[in-house]
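Visitor: Below: one structure in structure tokens.
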Amino acid sequence: MNYTSTRDNSVKVSAAQAIATGISPDGGLYVPEEIPSFSYDELLAASKMDYRDRAVNILGKYLTDFTADELRECVSGAYTDKFGGTDVAPVVDIAENRFVLELWHGPTCAFKDMALQLLPHLLTRSVKKTCDGKEIVILVATSGDTGKAALEGFKDVPGTRIIVFYPVEGVSAIQKTQMVTQEGGNVGVCAIKGNFDDAQTGVKQIFTNPEIAAELAQHNMAFSSANSINWGRLAPQIVYYISAYADLMNKGVIKNQGDKVNVVVPTGNFGNILAAYYAKKMGLSINKLICASNANNVLTDFINTGVYDRNRPFHTTISPSMDILISSNLERLIYDLSGCDSAKVKGWMDSLAATGRYEVDEDVKAKIKELFWAGCCDDAATQATINEVFTAQHYLADTHTAVALNVYEQYAKEYGSDVPTIIASTASPYKFAPAVLGAIAADKVGSDEFAMLDALHDVSGVPTPAPLAGLKGKAVRFDRVCEGATMRETVLDMLSI
Ligand SMILES: *Cc1c(COP(=O)(O)O)cnc(C)c1O
């Protein structure tokens, strides 16, 4: 299978090339030339497999230049006992027809681990296949969770270096502590004065700047990306939707071929929900893809109107990993829905860069309406949902998951809740302890993050994940801060070139 660019259909690269380089030189994103199918027989077979074997099967359809043995090695290197047991992505039944897909049992307690524990294995093999000998420099812009998950995935991986930029005011204290205490000889972390979009824009500019690329090449280095623009991030995310459906078959919730489920995803950069869209396109029986946003509801408006307009206030919320106004992966969706019209997508993306706005065609609008439903909620509603779900179901949700739970109830009010619904849970509640504690025991909120982890444990009885408890007392290794405009110099300096 070949991959092309959303902005230039004449591009043709292998999966390994797409993963090794991360982004197409024209600024577009790599997409498979066609979406493979996953038949009902394959689904039945998958229902009898464990997560790792399901992953090998599904990934094999997209990464055709990897052998099954290579994929098996990658998958077993990624989904190890760091995922805390046999169930890599458990499905938890919290209320009638409501199933929470917990994606945060990896080493950094957020769903990013599902892809970022696997990506280094895929990437180092991809580099061997395509540009052997080069040291790969991973540049990451993070709204909080990607940075840590990428650092943890790439730490001390031979032949790689990793540099992470995070917005100085945009991440939680726990997220910041996770990053600035990162261990490993090949890692670097820098705060930038600005928000996530500034960090992401800066990183994209560095990636597509030929001068910097030439400078790196002189030192036998090349950039790659661990952001969800990299196909190697997207593909592993398709697996868990199919896996969750297979689990619902095993639980007897899905009884007949073609029985449908809804999928609700708390959304930021549109990577996670896009993976669910691809799963649907492969043949998984998904009824609605429900896109949940926080107060940064640019996607809610887009899905409802077809107009993408980032010219609006940026809100810092208690679900910071969704505080995003430019959702990069949406480009892949509109590429697909426009009938793979790269010229059209390029026009929309040029308009987004120039004016912060674009409007898709009537035809694309209609397709989006058919496939998706969108809603949003603010911080107060998010906390109210955490409280309600904890009180009624004894389920402790993090702030991002709670946005999804809230938006699903908005949907259910309008359309009923007869269809079994998979709600993606993207972080451990402990990762956002102050806001979660504030929702269920406001009087226990203090200023010490670690005391609040303990308090949350006392109030909820839910075990504290070991990687978070273990942060206490770790030494800070990175305290650098730079301006958005000096990211390029910072990168070169951190690479000592
Ligand atoms: C990254 C992240 C999201 C958003 O996922 P996208 O793929 O960017 O839409 C939601 N919740 C958490 C906890 C995250 O870390």
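The values are calculated or read from the model by the stated rules, or taken from the named source; none is laboratory data. Predicted model only: the values in this text are computed from it and were never measured. Using ideal geometry, Cβ is built from the backbone for each residue, glycine included, and neighbour counts are taken over all protein chains shown. Accessible surface areas use protein heavy atoms only, side chains included; no ligands, DNA or RNA. Shrake-Rupley method; radii C 1.70, N 1.55, O 1.52, S 1.80 Å.
Visitor: With a sphere of radius 14 Å drawn around the Cβ of R161, what net charge do the other residues whose Cβ falls strictly inside it have (Lys, Arg +1; Asp, Glu -1)? Write down the numbers at each step before the final one.
Guide: Numbers: positive: K134, K155; negative: E135, D156, D493.
Result for the neighbourhood of R161: -1.
Visitor: Run down the lysines and flag those whose C-alpha is under 22 Å from the C-alpha of K344, throwing out any fewer than 8 positions away in its chain.
Guide: Excluding near neighbours in sequence, the set is K12, K204, K281, K365, K367, K369.
Visitor: May I pose another question? Under a 1.4 Å probe, what is the accessible area of the chain per residue, stated in Å²? Mind dumping the intermediate values first?
Guide: Working: 17690 Å² over 497 residues.
Spelled out: the 1.4 Å probe surface of the chain, per residue, equals 36 Å².
Visitor: Among rounded, prolate and oblate, which fits the chain when a ≥ b ≥ c are the square roots of the eigenvalues of its C-alpha gyration tensor, a/c under 1.5 means rounded, and a/b larger than b/c means prolate?
Guide: The shape class here is rounded.
Visitor: Need the list of lysines near K48 for cross-linking: C-alpha distance under 21 angstrom, and skip anything on the same chain fewer than eight residues off.
Guide: Cα-Cα hits under 21 Å: K61, K251, K255, K260, K280.
Visitor: Sort out for me the Cα centre separation of segment 75-109 from segment 19-55, rounded to whole Å.
Guide: A separation of 19 Å, based on Cα centres.
Visitor: Here is a follow-up. Give a residue-ordered list of calculated ³J(HN,Hα) values for segment 69-77 (Karplus: 6.51 cos²θ - 1.76 cosθ + 1.60, θ = phi - 60°; whole Hz; x for Gly, Pro).
Guide: Calculated HN-Hα couplings, in order: 5, 4, 5, 4, 4, 4, 5, 6, x Hz.
Visitor: Further, regarding this structure: Projecting each Cα onto the charge dipole of the chain (Lys/Arg +1, Asp/Glu -1 at the beta carbon, about the Cα centre), which of V75, A402, G153 comes out farthest on the positive side?
Guide: About the Cα centre, the residue reaching furthest to the positive side is V75.
Visitor: Take the alpha carbon gyration tensor of segment 51-189, find the square roots of its eigenvalues, order them as a ≥ b ≥ c, and report rounded if a/c is under 1.5; if not, report prolate when a/b exceeds b/c, else oblate.
Guide: Numbers: a/c = 2.17, a/b = 1.04, b/c = 2.09.
Oblate shape, in that a/c is at least 1.5 and b/c is the bigger or equal ratio.
Visitor: Right, here's the next one. Heavy atoms only, 1.4 Å probe, whole protein assembly: order H219, H105 by accessible area, highest first. Don't jump to the answer; show the numbers that get you there.
Guide: Numbers: H219 90, H105 55 Å².
If we order H219, H105 from most to least accessible, we get H219, H105.
Visitor: Right, here's the next one. Provide the per-residue ³J(HN,Hα) series for segment 113-120, in order, calculated from phi with Karplus coefficients 6.51, -1.76, 1.60 and θ = phi - 60°, each as a whole number of Hz, with x at glycine and proline positions.
Guide: Coupling constants for segment 113-120: 4, 4, 9, 7, 7, 8, 3, x Hz.
Visitor: Could you derive backbone 3J(HN,Hα) for segment 214-224 from the dihedral phi with the Karplus parameters 6.51, -1.76 and 1.60 (θ = phi - 60°), listing whole Hz in sequence and x where the residue is Gly or Pro?
Guide: Per-residue couplings from phi come out as 5, 4, 5, 4, 4, 9, 6, 10, 8, 7, 9 Hz.
Visitor: If you take the Cα atoms of segment 141-252, find Rg, then find the Kirkwood Rh from the mean of 1/r over all pairs, what is Rg/Rh?
Guide: Numbers: Rg = 16.7 Å, Rh = 15.8 Å.
In segment 141-252, Rg relative to Rh is 1.06.
Visitor: Report the accessible area of F478, computed with a 1.4 Å probe over the heavy atoms of all protein chains in place, in Å² rounded to the nearest 10.
Guide: Approximately 40 Å² of F478 is accessible to the 1.4 Å probe.
Visitor: May I ask you to derive the FRET efficiency for L495 and E414 from their Cβ-Cβ distance with R0 = 51 Å, giving the value to the nearest 0.05? Could you put the intermediate results ahead of the total?
Guide: On the way: r = 52 Å, r/R0 = 1.02.
The formula returns an efficiency of 0.45 here.
Visitor: Ignoring any ligand, DNA or RNA, what whole percent of the accessible area of the chain comes from carbon and sulfur when the probe is 1.4 angstrom? Don't skip to the end; give the middle numbers.
Guide: Numbers: 8610 of 17690 Å².
Heavy-atom surface of the chain belonging to carbon and sulfur, 1.4 Å probe: 49 percent.
Visitor: I would also like to ask the following. Under the rule a/c < 1.5 gives rounded, and otherwise a/b versus b/c splits prolate from oblate, where does segment 436-480 land using the Cα gyration tensor? Before the final figure, lay out the partial values.
Guide: Values: a/c = 3.12, a/b = 1.71, b/c = 1.82.
Oblate shape, in that a/c is at least 1.5 and b/c is the bigger or equal ratio.
Visitor: Report, in whole Å, the centroid distance computed from the Cα atoms of segment 238-277 and segment 308-371.
Guide: Using only Cα atoms to place each centre, the spacing works out to 23 Å.
Visitor: Consider a paramagnetic label point 7 Å from the Cα of D69 along Cα→Cβ; state which residues of segment 218-242 have an amide N under 16 Å from it.
Guide: In segment 218-242, the label zone of D69 (backbone N under 16 Å from the point 7 Å along Cα→Cβ) covers no residue.
Visitor: For the residue pair E359 and Q205, what label-to-label distance in nm results when each label sits 7 Å from Cα along the Cα-to-beta-carbon direction?
Guide: 3.0
Visitor: Zone of F450 (label point 7 Å along Cα→Cβ, backbone N under 16 Å): which residues in segment 460-489?
Guide: Output list for this probe position: 464-477.
Visitor: Still on this structure, I have one more. Rg(Cα) of segment 18-111 divided by 2.2 N^0.38 Å? Could the numbers behind the result be given before it?
Guide: Working: Rg = 16.0 Å, N = 94, 2.2 N^0.38 = 12.4 Å.
Segment 18-111 yields a ratio of 1.29.
Visitor: Round to the nearest 10 and report in Å² the accessible area of V168, as given by a 1.4 Å probe over the protein chains' heavy atoms.
Guide: Counting only protein heavy atoms, V168 exposes about 50 Å² to solvent.
Visitor: Taking K82 as the anchor, which lysines have their alpha carbon closer than 20 Å to its alpha carbon, excluding any fewer than eight residues away along the same chain?
Guide: Excluding near neighbours in sequence, the set is K112, K148, K155, K431, K472, K474.
Visitor: Which order do the peptides 342-350, 263-271 take when ranked by the mean count of other beta-carbon atoms within 10 Å per residue, highest first?
Guide: Values: 342-350: 18.4, 263-271: 28.1.
Most protected by this proxy first, the peptides run 263-271, 342-350.
Visitor: Counting only the heavy atoms of the protein chains, how much of S338 is accessible to a 1.4 Å probe, in Å² to the nearest 10?
Guide: Solvent-accessible area, nearest 10 Å²: 20 Å².
Visitor: On to the next question. Relative to the present Cα-Cα distance, how much length would full extension add between A466 and A380 at 0.36 nm per residue of separation? Kindly include the intermediate steps, with their values, before the conclusion.
Guide: Numbers: separation 86, 0.36 × 86 = 30.96 nm, distance 2.92 nm.
Gain on extension, A466 to A380, equals 28.0 nm.
Visitor: Let me ask something else. If amide H atoms are built 1.01 Å from N in the plane of the peptide, which residues on other chains or at least 5 residues away come under 5 Å of the amide H of M221?
Guide: Placed amide hydrogens put E135 under 5 Å from M221.
Visitor: Same structure again: Which FRET efficiency value, to the nearest 0.05, is calculated for R480 and K129 with the Förster distance at 45 angstrom and r the Cβ-Cβ distance?
Guide: Details: r = 34 Å, r/R0 = 0.76.
Result of the calculation: an efficiency of 0.85.
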